[in-house]
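The values are calculated or read from the model by the stated rules, or taken from the named source; none is laboratory data. Just so it is clear, the model here is predicted, and its values are computed rather than measured. In this analysis, Cβ positions are derived from the backbone assuming ideal geometry, glycine residues included, and neighbour counts consider all displayed protein chains. Areas reflect the complete protein model, heavy atoms only, side chains present, ligands, DNA and RNA absent. Shrake-Rupley method; radii C 1.70, N 1.55, O 1.52, S 1.80 Å.
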Amino acid sequence: MKDLNFSVIARSSSCNARRGRMNTVHGPIDTPVFMPVGTQASVKSVSPEELDDVGARIILGNTYHLFLRPGTDRIARLGGLHKFMHWSGSILTDSGGFQVFSLARINKIEEDGVAFQSHIDGSRRVLRPETAIECQMQLGSDIAMCFDECTSYPVSYEYALDSMERTVRWAARCREVHTREDQALFGIVQGSVFPDLRRSCLDALMKIGFDGYALGSLSVGEAKEEMMSVLEALTPELPVSKPRYVMGVGTPEDLVEGVRCGVDMFDCVMPTRNARNGTLFTSNGNVQIKNNRYQEDEGPVEPGCTCYTCRRFSRAYLRHLYMSRELLAYRLNTIHNLHYYVGLMSAMREAIEGDTFEDWRRDFHRKRGTGTEPGE
RNA sequence: GGAGAGGUUCCCGAGUGGCCAAAGGGAGCAGACUGUAAAUCUGUUGGCGAAGCCUUCGGAGGUUCGAACCCUCCCCUCUCCA
């Protein structure tokens, strides 16, 4: 395992927000950080250069998807994931645990591992904790994740307990077989919305010892308040000296509240998927670019935004591209959304450093708040 | 001029006596999307506040308890033959 030498550079005096830095083989990462999702060795619709331009320094890859196609062994023979996709920044790979949740209809969970039916060709595949780690070592990501079960919501206490304990046993097996010295390994805290389960899971994972700790199974259908209460209850318990990662979260508001609780890392498909589905994020609220009110709107998506898209194109043009299903729409929208997300994190880092986070946060919510016309 | 086919709700197009405010598709309008089986999915698209009522299937008459659907005349489009 690789120690990321995570250090906290600054803290907010009024909340748990913290600004830190870690060192991966592919460069330093300033936290809090947002990691765009690049499931199949690609952040959908944008090039590595464009990713770099929007300021992304670390992205996600997915073990399950790359295991099925083109095969992690093949990627290893081709020089690893970074070289394969021509991305020189850092990569965190998810273990496939999320697919246990998202492809639940075609898999079967057992103690040894999860039997999947490939969503591509229906063939039967097994992902065991050992397999997931082996695959991630083949991919050569900077940060690997333990193989876990992302539980659905709602879930009974009994099932959550059972699943959480299995996830802990899997984590120990992952830790056992993980041998890459240049790759960090994170544990994943499960336990659904039950505070005692979350806590005992975290305790067990800390006994095993990881380079960072993630919170899983959030934003899977539970109420916002439930997610926040898990965050608020658990973040103070997480080791201060290790990165804290909330998996799969979230909306801009979620990121800000997560940072307030002391979370360092986030990933989410929202900026990329929603871009392709016509929702653009701005500090003044979301813009549904397909709405007919933008038909002849010559302004940029977000006034003052410095992204490639906003510097060049009008809402009217972007609406036209989207309505016409032109491929450029997906790319330009994704560039803007990623620029917004990455910029949001950068603004938060700055606010924490200047110890103005609480004021900044109030301002953020006021501007994003419903009732305000986007961009006006 | 002759023969034939046809005119349906924004568009295409089904429907040929009651279960039709009218299938399906397109286009439009709106919404959803949180470790990506997603360039996807959902809702909606005559009027009125609901049960229900009103207007609507080229136009005008007619038959019938009842017509988008049957009959008559008219208008228009397309194809073929002169």
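Using a cut-off of 19 Å between alpha-carbon atoms, which lysines can reach A:LYS83, once sequence neighbours fewer than 8 places away in the same chain are excluded?
A:LYS44
What share of the DSSP beta bridges in chain A is antiparallel, in percent to the nearest 5?
Percentage antiparallel, nearest 5: 45.
Expressed as a rounded percentage, what relative contact order does the stretch A:51-170 have, with Cα pairs under 8 Å and six or more residues apart?
Value for the stretch A:51-170: 28 percent.
Restricting attention to the stretch A:96-136, which GluC sites (Glu not before Pro) occupy a DSSP loop and are surrounded by at most 14 other Cβ atoms within 10 Å?
A:GLU110, A:GLU111
Keeping all protein chains in place and using 1.4 angstrom, which order do A:LYS207, A:LYS83, A:LYS224, A:LYS2 fall into by accessible surface area, from largest down?
A:LYS207, A:LYS83, A:LYS224, A:LYS2
What residues qualify as long-range amide H neighbours of A:ILE59, i.e. H under 5 Å apart, gap of 5 or more or another chain, H built at 1.01 Å from N?
Answer set, sorted by chain and number: A:SER90, A:ILE91, A:LEU92.
Need one number for chain A: average projected area of the convex hull over its C-alpha atoms, nm².
Value for chain A: 17.8 nm².
Give a residue-ordered list of calculated ³J(HN,Hα) values for the stretch A:327-336 (Karplus: 6.51 cos²θ - 1.76 cosθ + 1.60, θ = phi - 60°; whole Hz; x for Gly, Pro).
Those phi angles translate into 4, 4, 4, 4, 5, 5, 5, 5, 4, 4 Hz.
Between A:ASP355 and A:SER229, what is the label-point separation in nm under the 7 Å Cα-to-beta-carbon projection?
3.4
In terms of solvent-accessible area of protein heavy atoms at a 1.4 angstrom probe, what is the ranking of A:VAL287, A:VAL177, highest value first?
Result, largest first: A:VAL177, A:VAL287.
Cα-Cα pairs above 16 Å in the stretch A:120-171: how many percent?
Here the long-distance tail beyond 16 Å is 55 percent of all Cα pairs in the stretch A:120-171.
Based solely on its DSSP helices, what 222 nm [θ] is calculated for chain A when runs of n ≥ 4 H residues each add -39,500 (n - 2.57) and the sum is averaged over all residues, nearest 500 deg cm²/dmol?
-12500 deg cm²/dmol
Any idea what the relative contact order of the stretch A:285-331 is, in percent, if you count C-alpha pairs under 8 Å spaced at least 6 apart?
37
Apply the Karplus curve 6.51 cos²θ - 1.76 cosθ + 1.60, θ = phi - 60°, to the phi angles in the stretch A:158-164 and return the couplings in whole Hz, x for Gly and Pro.
Listing the rounded values in order: 4, 5, 4, 5, 4, 5, 4 Hz.
Determine ³J(HN,Hα), in whole Hz, for all residues of the stretch A:119-128 in sequence, where each value follows from phi through the Karplus function 6.51 cos²θ - 1.76 cosθ + 1.60 and θ = phi - 60°; x replaces Gly and Pro.
6, 8, 10, x, 5, 8, 10, 10, 10, 9
Given R₀ = 51 Å, what would the calculated FRET efficiency be for A:SER13 paired with A:HIS119, taking r from the Cβ atoms and rounding to 0.05?
Given R0 = 51 Å and the Cβ-Cβ separation, E is 0.60.
Lysines within cross-link reach of A:LYS242: Cα-Cα under 23 Å, excluding same-chain residues under 8 positions apart?
Once the sequence-local lysines are set aside, what remains near A:LYS242 is A:LYS2, A:LYS207.
If you roll a 1.4 Å probe over chain A with all protein chains in place, what percent of the accessible area is carbon or sulfur?
48
Let me have the relative contact order for the stretch A:109-174, percent, based on Cα pairs under 8 Å that are six or more residues apart.
28
Sort out for me the Cα centre separation of the stretch A:323-370 from the stretch A:56-84, rounded to whole Å.
Taking the Cα centre of each part, the stretch A:323-370 and the stretch A:56-84 sit 28 Å apart.
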